[in-house]
């Protein structure tokens, strides 16, 4: 009888432990907000270069609460404005956390999370001029915070070999996580657009909605120009492209303008004002343009010069360097 009782006791204890483990699989966010007494607060997750809605909670007498679960530690944001693109950012894990928020003063204090402590300590450092992201990789190769900062704040200015080096230093425990997957995908795309590679093909609609396919331009030297009407540096570079077009358009050369615009009207207005008389395409998806993603576009203007077989000859030529290169090729 004693043995039977012990078995039941052990079973009950195991169920209790299991129940506690199940409870710990989720997060609880107990929040206070200083500048809003009543209303709504929105929880957003950083995903694909932007914050997307995850949940919302009612603010009652300056307090709110979120409960849920996340598959891995990730960057989230809090805001009282549903359409805000810049929420107050913190790192969320399956823990019980306390948040003190003041959105008007851009202050968010989080306690109860070691991963967020690491994020909060390094966020101001990574924004300083001259900060070396490798120092964070060396100190915290197994933290989800590290690839987050790489992909969000440094990937746009790192070359292929630099990205590969940082990736190799990350701990294998991060393999398959969201931000490391994004690093791997970016590295793969960067490898596909190096000098000597055949330019990845794409099809986008022109100003009249007709599909234009890059590979259909084979047989000519092609300059793919990634730009946007809202980009001041792009507009400054446009006179150089006009000069290149006027000088070389009859020498087996063409330009394909790929716009990262959001709306059609300013895109068309910029084409007309800057007298850009070559072929233009855009899916009006901004940075999420299919072609921009395919070509790992991280800043604009950005150009790719292709030979008649579609092989990439040069990347990022601007100003006089572009004109000189074309003159060498198209004498």
### Matching residues, the stretch 67-81, being closer than 13 Å to residue 113 by Cα and in a loop (DSSP other than H, G, I, E, B)
73
### Query
For the stretch 79-92, how many residues meet the condition of being crowded, with 19+ Cβ neighbours inside 10 Å and over 15 Å from residue 123 (Cβ atoms)?
2
### Query
Within the stretch 154-161, is there a residue that is within 20 Å of residue 288 (Cβ to Cβ), in a helix (DSSP H, G or I) and at pLDDT 95 or above?
no
### Summary
Residue pairs qualifying under the 7 Å Cβ cut-off, at least six apart or on distinct chains, with the first in the stretch 255-284 being at positive phi and the second being exposed (fewer than 14 other Cβ atoms within 10 Å of the Cβ) and assigned to a loop (DSSP other than H, G, I, E, B), are 284/263
### Task
Might you let me know whether the stretch 142-162 holds any residue that is within 28 Å of residue 94 (Cα to Cα) and free of Cβ contacts under 8 Å to residues at least 12 places away in the same chain?
no
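The values are calculated or read from the model by the stated rules, or taken from the named source; none is laboratory data. Keep in mind it's a predicted model, so treat the numbers as computed, not measured. Glycine gets a Cβ as well: all are built from the backbone with ideal geometry, and neighbour counts include every protein chain shown.
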